1. Kindly indicate which of 136, 103, 124 is closer than 30 Å to residue 219 by Cβ and among the small types (Gly, Ala, Ser).
2. Could you tell me how many of the residues in segment 73-95 are exposed (fewer than 14 other Cβ atoms within 10 Å of the Cβ), in contact with a Ser or Thr (Cβ under 6 Å, 6 or more places away or on another chain) and not polar (S, T, N, Q)?
3. Answer with yes or no whether residue 170 is touching a residue at least 12 places away in the same chain (Cβ under 8 Å) and either farther than 22 Å from residue 38 by Cβ or aromatic (Phe, Trp, Tyr) (or both).
4. Being surrounded by fewer than 20 Cβ atoms within 10 Å (Cβ to Cβ) and over 26 Å from residue 39 (Cβ atoms) is the requirement here; does residue 190 meet it?
5. Restricting the search to segment 49-92, which residues are under 19 Å from residue 104 (Cα atoms) and of a type in the set (Phe, Trp, Tyr)?
6. Just need a number here: residues in segment 99-117 that are under 30 Å from residue 183 (Cα atoms) and of a type outside the set (Asp, Glu).
Amino acid sequence: MKNALKNSLLASAIGLGMMATQVQADGGLGVGIGYGLLAGPTLELNYPINSYLVARGSVSSGMGLNQTNRVDDVNYRIKADGGIHRLGLNYHPFQGSFFLSAGYAINQFELTANARESGTVTVGDDTFDGTVAINGKLKWDNAPTLSLGWGHSPKQGWGALFEVGAIFTGAADVNLNGTINDNSRQQALNDALKNEERKLKDEVAKLDFLPILQLAVTYRF
């Protein structure tokens, strides 16, 4: 009985010693500064739960796209704005830099298109004479995420991050509206924009996710 108890205590001590060694080998709080394809500049905090699991959270400011596109003789000012903020859990199956990640995105990313034209303006299959203002918006829902990559190792020190994956938002919500200074043609403009809105919804329905593509420099204390 005494020998069995002694062996049990010895085994427990060895196990605790190994756990302590692992905790010392792993680092503490980690930070990352990077850039995402749609998220734009990103700041991330992460913490190793153990040598396999790392909890992470990030905030971003958005890509800040601002450009002009011409469609049907109308110049649209296109803006992409709003960050994509994420919470997730990384699984490092080999206790190294490679990871699989699952999480959730709080999505403020949206695309807007605004135009104002005077003269003869074509909208869809109809033509309007006067001053026409058109406003459009595409917006995506908050959604779960899945990704894989290399980086955020539980080990202390400097590192790099590469991540690719998807935010499973479903199709974007599409809204088009506009005004014309000729009230007798307002309903016709509304109908033309509704028709264009349906076409755009059919197009964006083919893409029911937003891509994740991110590079970052990281440091774990």
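1. Values: 136 fails: closer than 30 Å to residue 219 by Cβ; 124 fails: closer than 30 Å to residue 219 by Cβ.
Criteria check complete, one pass: 103.
2. At the first step, the residues of segment 73-95 found to be exposed (fewer than 14 other Cβ atoms within 10 Å of the Cβ) are 73, 75, 77, 87, 91, 93-94.
Right, trim to in contact with a Ser or Thr (Cβ under 6 Å, 6 or more places away or on another chain) and you get 73, 75, 77.
Next, from what is left, pick out any that are not polar (S, T, N, Q): 73, 77.
Qualifying residue count for the region: 2.
3. Details: touching a residue at least 12 places away in the same chain (Cβ under 8 Å): yes; either farther than 22 Å from residue 38 by Cβ or aromatic (Phe, Trp, Tyr) (or both): no.
Criteria not met by residue 170.
4. On the way: surrounded by fewer than 20 Cβ atoms within 10 Å (Cβ to Cβ): yes; over 26 Å from residue 39 (Cβ atoms): yes.
Judged against the criteria, residue 190 is a match.
5. First pass over segment 49-92, keeping only residues under 19 Å from residue 104 (Cα atoms): 49, 53-62, 82-92.
Hit for segment 49-92 is 91, nothing else.
6. Here is the first cut: in segment 99-117, the residues under 30 Å from residue 183 (Cα atoms) are 111-117.
Among the residues that remain, those that are also of a type outside the set (Asp, Glu) are: 111-116.
Number satisfying all stated conditions: 6.
Conditions tested, residue by residue: (1) modelled with pLDDT of 95 or more; (2) part of a helix (DSSP H, G or I); (3) among the β-branched types (Val, Ile, Thr).
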{"residue": "130", "(1), (2), (3)": "no, no, no"}
{"residue": "135", "(1), (2), (3)": "yes, no, no"}
{"residue": "153", "(1), (2), (3)": "no, no, no"}
{"residue": "171", "(1), (2), (3)": "no, no, no"}
{"residue": "187", "(1), (2), (3)": "yes, yes, no"}
{"residue": "196", "(1), (2), (3)": "no, yes, no"}
{"residue": "213", "(1), (2), (3)": "yes, no, no"}
{"residue": "216", "(1), (2), (3)": "yes, no, no"}
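Listed here are the residues, each with its yes/no results for (1) at pLDDT 95 or above; (2) of a type in the set (S, T, N, Q); (3) over 30 Å from residue 181 (Cα atoms); (4) touching a strand residue (DSSP E or B) at 6+ places or on another chain (Cβ under 9 Å).
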position	(1), (2), (3), (4)
81	no, no, no, yes
119	no, no, no, yes
127	no, yes, no, yes
141	yes, no, yes, yes
159	no, no, yes, yes
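The values are calculated or read from the model by the stated rules, or taken from the named source; none is laboratory data. Model, not experiment: these values are computed from the prediction. In this analysis, Cβ positions are derived from the backbone assuming ideal geometry, glycine residues included, and neighbour counts consider all displayed protein chains.
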